[in-house]
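S.K.: Take a look at this one; I'll ask things after.
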Amino acid sequence: MEYELLGWPPDGPKLRLDYERFSYAGKFVMTNTGKAVASDGDDLVAAVAFNEDRTDEATLWLRYVTVAGDRRGEGIGPELVALVRDRALERGYDRLRIAVNNPFAYEALYRAGFGYTGERTGIAELVLEYPVPVDGTDDGSSGVRYRDGLEEFRDRDLSAEEEAFLEARRGADPPDA
């Protein structure tokens, strides 16, 4: 697997992803976001788009992470996010954030070292951050905030796969990063 950062905002490359294989495919044609990709030989299997926060130049937002439908669950997404995370820190960003709308993405971001902030954007997305936010109720390692985030998903209309995923993690500690 090859992981590559293709460009930084606001001059990112345009990616044309197959909408039948990738969620959010249309979002990757914008050139105002940075991009990173994962490829298996000549086959593009994942992509992430990101841009700087409009009000905090020290914060980079991961806007869209997509993994080809036939390659999900292999750990490619967290590895690609980790590449962007490390390069962003080297570039001088203090913090990375992402808003996720499903428990699978939530878990994948935890595997990349992100943690739930307790915040939401809109009505459906939970905000995760790197480095993991620490407050007086959770030192980032006890799993309280991780489980709180999973609970947020339980009140939604979920697929059978999402319900099984959440049930398997009831009371669990965060996954290893």
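The values are calculated or read from the model by the stated rules, or taken from the named source; none is laboratory data. Being a predicted model, the structure only gives us computed values, none of them experimental. FYI the Cβ positions are ideal-geometry reconstructions off the backbone, even for glycines, and counts take in every protein chain you see. All accessible areas refer to the heavy atoms of the entire protein, side chains included, with ligands and DNA or RNA removed. Shrake-Rupley method; radii C 1.70, N 1.55, O 1.52, S 1.80 Å.
S.K.: Can you give me the accessible area per residue for the stretch 21-177, using a 1.4 Å probe, in Å²?
M.R.: 49
S.K.: Oh, and also: Tally the DSSP beta bridges in the stretch 32-177 and give the antiparallel ones as a percent, rounded to 5.
M.R.: That works out to approximately 85 percent antiparallel.
S.K.: Sort ILE123, ILE76 from largest to smallest accessible area, using a 1.4 Å probe on the heavy atoms of the protein chains.
M.R.: Sorted descending by solvent-accessible area, the residues read ILE123, ILE76.
S.K.: While we're on this one: So what's the angle, to the nearest 10 degrees on a 0 to 90 scale, between helix 144-154 and the longest Cα principal axis of the chain?
M.R.: 80
S.K.: What does the charge count near ARG95 come to, summing +1 for each Lys or Arg and -1 for each Asp or Glu among other residues with Cβ under 9 Å from its Cβ?
M.R.: Computed value for this residue: -3.
S.K.: Using the Karplus curve 6.51 cos²θ - 1.76 cosθ + 1.60 with θ = phi - 60°, what ³J(HN,Hα) values do you get for each residue of the stretch 89-100, in whole Hz, with x for Gly and Pro?
M.R.: Computed from phi, the couplings for the stretch 89-100 are 5, 4, 6, x, 6, 8, 8, 10, 9, 8, 10, 10 Hz.
S.K.: Report, to the nearest whole %, how much of the accessible area of the chain belongs to carbon and sulfur atoms, 1.4 Å probe, protein only.
M.R.: Roughly 43 percent of what the probe reaches on the chain is carbon or sulfur.
S.K.: Sum up the charges of everything whose Cβ sits under 13 Å from the Cβ of TYR106, counting Lys and Arg as +1 and Asp and Glu as -1, but leave TYR106 out.
M.R.: Numbers: positive: ARG111, ARG120, ARG145, ARG147, ARG154, ARG156, ARG169; negative: GLU107, GLU125, GLU129, ASP148, GLU151, GLU152, GLU162.
Every neighbour counted, the sum reads 0.
S.K.: For the chain, what's the relative contact order in percent, using C-alpha pairs closer than 8 Å and at least 6 residues apart?
M.R.: Rounded, it is 15 percent for the chain.
S.K.: For ALA124, what is the net charge nearby, where nearby means another residue's Cβ is under 14 Å from its Cβ and Lys, Arg count +1, Asp, Glu -1?
M.R.: Net local charge, ALA124 excluded: -3.
S.K.: Also, quick follow-up: Keeping all protein chains in position, work out how much accessible area LEU5 exposes to a 1.4 Å probe, and write it in Å² to the nearest 10.
M.R.: Surface open to solvent at LEU5 totals about 30 Å².
S.K.: For the stretch 113-121, take each phi angle, set θ = phi - 60°, evaluate the Karplus expression 6.51 cos²θ - 1.76 cosθ + 1.60, and give the result in whole Hz per residue in order, putting x for glycine and proline.
M.R.: With the stated coefficients, the stretch 113-121 comes to x, 7, x, 5, 8, x, 9, 10, 10 Hz.
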